Structure formats: structure tokens, C-alpha cells
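Working notes, structure below.
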Amino acid sequence: QIDRATADPTVRVDGAGGVHVIFTPQGAPPDQPTRPAYYAYCPAACHGPAAFTLLPLGDGVDFAALGLTPAGKPRLLLRLPAQAGAIFVYQYWACDANCLSPAGWASTALTYAYARQTGWVEPFIHSFALDAQGRPRFVYYDAGADPDDPHRGAFYAWCDDACGDPSGWYETRLLDDPHATDFHLAFGATGGPRLAYATYNGETL
């Protein structure tokens with residue numbers, strides 16, 4: 001069990017009935033300076049906390065999202081604030097075996113994004129998804145260093161192979177709407193991505 005408040009869990013169930021969970025603490029108290037994401041797994045009979053094994057991953061994590069490949073292998077997207085919260089770092093984590101040991105996981109930093117102004121709260125766990133083949137995709141917003149920054153707007157990032165290497169990832173800008181938020185990514189029956197998001201024109205949402 002975790003002896004501090006937690007939030008924003010993602011739960012997935014694999015084909016064998018195993019339950020996978022990822023969540024983050026709401027904050028790091030002075031006597032526990034690290035703030036990892038917690039990966040929890042239960043292979044069967046998941047009726048209480050004792051059935052799960054927890055593994056801390058990363059440090060300074062504010063949000064984490066989880067997906068499972070068709071073979072039931074966990075894939076994570078973590079977001080970490082950097083430079084006093086002015087920039088976010090996105091990390092991709094993958095495990096194919098021995099996932100209850102840190103040695104079973106590989107991680108890499110994918111991209112950096114300038115944070116929005118204070119007050120924007122980004123729902124995170126629905127912006128990351130795997131397609132039918134288990135390939136990772138996510139949507140994120142980069143506020144840019146200034147209004148003229150060319151890398152500003154909502155971006156769709158994807159990887160088809162060698163996803164533990166940043167060079168295996170690509171992205172395209174979807175829109176430059178500064179009010180776009182609440183991204184929810186899913187895939188249609190033919191494998192194409194589908195995205196829902198919220199925005200407003202100053203009067204309506």
C-alpha cells in the first residue's frame with residue numbers, strides 16, 4: 001500500500017485476466033522526496049490490495065498512463081515537470097518480461113513541451129493509447145517558448161518500431177488552437193486514430 005494520497009489511475013486487464021494498474025502520488029511529502037509512478041500487477045484473484053505487487057518507476061512523475069499490447073505487455077507514458085514546472089518531459093517505458101523488477105523495464109525521453117500558463121490542468125491518461133498491433137501513440141500540447149515558437153500546438157506522436165529509441169518516433173501537428181485540451185485518443189475498426197478534445201471560443205465550451 002502507498003502511505004500518501006494517489007490519483008489518476010489507469011487500469012488494464014490482459015487476456016489471461018491479469019490486472020495491470022499505473023498511478024501517481026498527488027505529492028511528495030518532505031520525508032519522501034521521490035515521486036515515482038507506481039506500476040501494480042495481480043495475475044489472478046485480484047480481490048484486495050494484498051493480491052497486487054507494486055513497483056515504483058521513475059522519479060518526479062506527475063502523470064502516468066498505461067496500455068497493454070495484444071500479448072499483454074505493459075507500455076507506459078510518463079510526464080515529468082522540468083525547470084520548475086515550465087517544461088514537461090515525456091518518457092516512454094516498456095517491459096516484455098520480469099515486469100515486477102526495475103531491470104525488466106526500459107525507458108527513454110521522447111520529447112519536451114512548454115507548459116501552459118498556470119491554471120491549465122491537462123487530463124493525461126486518455127491521451128496515450130496503443131493501436132491494434134500494440135504500437136504506441138499519444139497526443140500532447142506544447143505551449144511554445146513564445147507565441148512565435150514554430151513548435152506550438154497539439155501534436156500527435158507515434159512509433160511503429162524501435163520505440164525505445166527516440167529516433168523511432170515521429171510527430172505531426174494537429175492544430176494550433178491554444179484552448180485545445182482534454183485529449184482522448186482511440187482507434188477505429190480499421191486501425192485509424194480518432195481524437196476527441198475540448199476547446200472554447202470565449203463563451204462556450
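The values are calculated or read from the model by the stated rules, or taken from the named source; none is laboratory data. Predicted, not measured: the structure shown is a model, and the values here were computed from it. Quick reminder, even Gly has a Cβ in these numbers, built from the backbone with ideal geometry, and neighbours come from all protein chains shown. Heads up: the accessible areas ignore ligands, DNA and RNA and are worked out on the full protein's heavy atoms, side chains in. Shrake-Rupley method; radii C 1.70, N 1.55, O 1.52, S 1.80 Å.
Annotations for the structure displayed:
- Checked against the criterion of being under 22 Å from L80 (Cβ atoms) and in contact with a helix residue (DSSP H, G or I) (Cβ under 7 Å, 6 or more places away or on another chain), the candidates C159, C163 yield just one match: C159.
- W158 meets all of the listed conditions (1) more than 17 Å from the chain's Cα centre (by Cα); (2) open to solvent by 60 Å² or more (accessible area, probe 1.4 Å); (3) of a type outside the set (D, E, K, R) but one, namely (1).
- Residues of the range 77-110 that turn out to be part of a helix (DSSP H, G or I) and either of a type in the set (V, I, T) or open to solvent by 30 Å² or more (accessible area, probe 1.4 Å) (or both), as a count: 2
- The lone exception for A186 - which of (1) at pLDDT below 95; (2) part of a strand (DSSP E or B); (3) not basic (K, R) it fails: (1)
- When the range 47-76 is filtered for residues that are open to solvent by less than 60 Å² (accessible area, probe 1.4 Å) and more than 18 Å from D96 (Cβ to Cβ), the ones remaining, listed by number, are G48, A51, F52, G58, G60, V61, D62, F63, A64, A65.
- Candidates L185, L174: the one that is touching a Ser or Thr at 6+ places or on another chain (Cβ under 8 Å) and more than 19 Å from V61 (Cα to Cα) is L185.
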